1. Among Glu211, Glu224, Glu237, which is over 29 Å from Ile98 (Cα atoms) and outside the structural domain of Ala129 (by TED's automatic domain parsing)?
2. Could you please find all residues in region 93-108 being of a type outside the set (A, V, I, L, M) and either surrounded by fewer than 24 Cβ atoms within 10 Å (Cβ to Cβ) or under 16 Å from Ala14 (Cα atoms) (or both)?
3. Are there any pairs, at least 6 apart or on different chains, whose C-beta atoms fall under 6 Å, with the first in region 144-163 and among the aliphatic types (A, V, I, L, M) and the second assigned to a loop (DSSP other than H, G, I, E, B) and loosely packed, with under 12 Cβ neighbours inside 10 Å, and if so, which?
4. Show me the strands (runs of 3 or more DSSP E) entirely contained within region 182-258 in which 2 or more residues are more than 27 Å from Phe66 (Cβ to Cβ) and in contact with a Phe, Trp or Tyr (Cβ under 7 Å, 6 or more places away or on another chain).
5. What residue, of Ile105, Ile118, Ile95, Ile150, is within 14 Å of the ligand (Cβ to nearest atom), among the aliphatic types (A, V, I, L, M) and more than 13 Å from the chain's Cα centre (by Cα)?
6. State yes or no: is Thr43 within 12 Å of the ligand (Cβ to nearest atom), closer than 19 Å to Gly218 by Cα and surrounded by fewer than 20 Cβ atoms within 10 Å (Cβ to Cβ)?
7. Taking region 182-209 only, how many residues are more than 16 Å from the ligand (Cβ to nearest atom) and within 24 Å of Leu261 (Cα to Cα)?
8. Just one of (1) over 17 Å from the mean Cα position of the chain (by Cα); (2) crowded, with 17+ Cβ neighbours inside 10 Å; (3) small (Gly, Ala, Ser); (4) modelled with pLDDT of 95 or more trips up Gly12, so point out which.
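The values are calculated or read from the model by the stated rules, or taken from the named source; none is laboratory data. Note that this is a predicted model, so its numbers are computed, not measured. Neighbour counts run over all protein chains shown; Cβ positions are idealised from the backbone, glycine included.
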Amino acid sequence: MAYSPILNVMVGAARKASRPIRRDFGEVENLQVSLKGPANFVTKSDKRTEQILHDELARARPTYSFLMEEGGSVEGTDGQHTWIIDPIDGTTNFIHGIPHFAISIGLERAGTIVAGVIYNPITDELFTAERGQGAFLNDRRLRVAARSRIEDAVVTCGIPHLGRGDHELFQTEITKVQAKAAGIRRFGAASLDLAFVAAGRFDAYWERGLEAWDVAAGILLVREAGGRVEDVDGGPEAHETGNILAANDSLFTQLQKELKLPKG
Ligand code: LIP
């Protein structure tokens with residue numbers, strides 16, 4: 001598929017960074033059997049991947065800023081553009097040898113996400129979107145699912161775990177959604193959850209406590225596929241608050257009624 005110059009840069013960087021990840025993932029599967037597990041090895045892989053992404057993107061656009069999961073913020077000189085990068089979104093899956101994780105690259109221009117790439121190097125599924133130009137899985141145009149009743153919907157979510165998030169609040173939320181939805185899933189990679197909503201595989205997704213690099217690219221994908229993504233509680237931009245709800249317009253309204261926290 002012919003990409004615009006900016007998507008070309010992003011796709012090129014993601015593909016280049018995916019080669020060592022694929023190698024490392026094979027190694028992780030072997031390390032599984034050791035008692036110490038592959039955690040340190042994975043941290044190295046994360047950092048190496050981020051370095052490749054950084055170097056490729058900086059070479060193509062030397063003045064842009066960076067916001068990266070591992071390396072934090074790096075201020076560029078143009079004052080407008082920021083690359084928002086998660087080198088391996090779904091790290092826990094990666095560590096456990098579960099082939100569901102992705103490289104996620106978003107490009108923000110003056111506060112708005114204008115381009116996004118999400119790439120699962122194991123399944124070779126490449127999700128791309130550019131503002132106003134639609135969302136794609138490889139060369140197929142994406143559209144969110146049309147199901148409008150929660151009773152028919154498969155809803156995916158993030159579950160807060162040891163040391164993370166508000167467990168009690170999640171229990172309340174899941175009880176409400178469980179009573180209405182056709183099915184609930186927890187796959188463990190926010191970028192792919194959003195990409196799957198864009199592809200119409202999941203009807204809706206919510207999760208709280210995320211970081212901008214988990215969701216920047218995915219938010220654009222869902223919007224470009226005709227869906228709605230906002231802060232669960234109706235606050236400002238979801239990639240800034242990290243509390244996200246994504247669905248088609250009708251399901252979004254119904255689910256937000258269930259999940260929105262009362263003000264104050
Ligand atoms: C992960 C998210 C996932 C969430 C995990 C974690 P990471 O990102 O994608 O949705 O539930 O706790 O934040 O850390 O693998 O990049």
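1. After ruling out the rest, the residue left standing is Glu237.
2. Listed by number, the residues that qualify are Asn93, His96, Gly97, Pro99, His100, Phe101, Ser104, Gly106, Glu108.
3. Within 6 Å, the pairs are Ile159/Arg186.
4. none
5. Details: Ile105 fails: more than 13 Å from the chain's Cα centre (by Cα); Ile118 fails: more than 13 Å from the chain's Cα centre (by Cα); Ile150 fails: within 14 Å of the ligand (Cβ to nearest atom).
Going through Ile105, Ile118, Ile95, Ile150 in turn, just one is within 14 Å of the ligand (Cβ to nearest atom), among the aliphatic types (A, V, I, L, M) and more than 13 Å from the chain's Cα centre (by Cα): Ile95.
6. No, not satisfied.
7. Number satisfying all stated conditions: 3.
8. The one condition Gly12 does not meet is (2).
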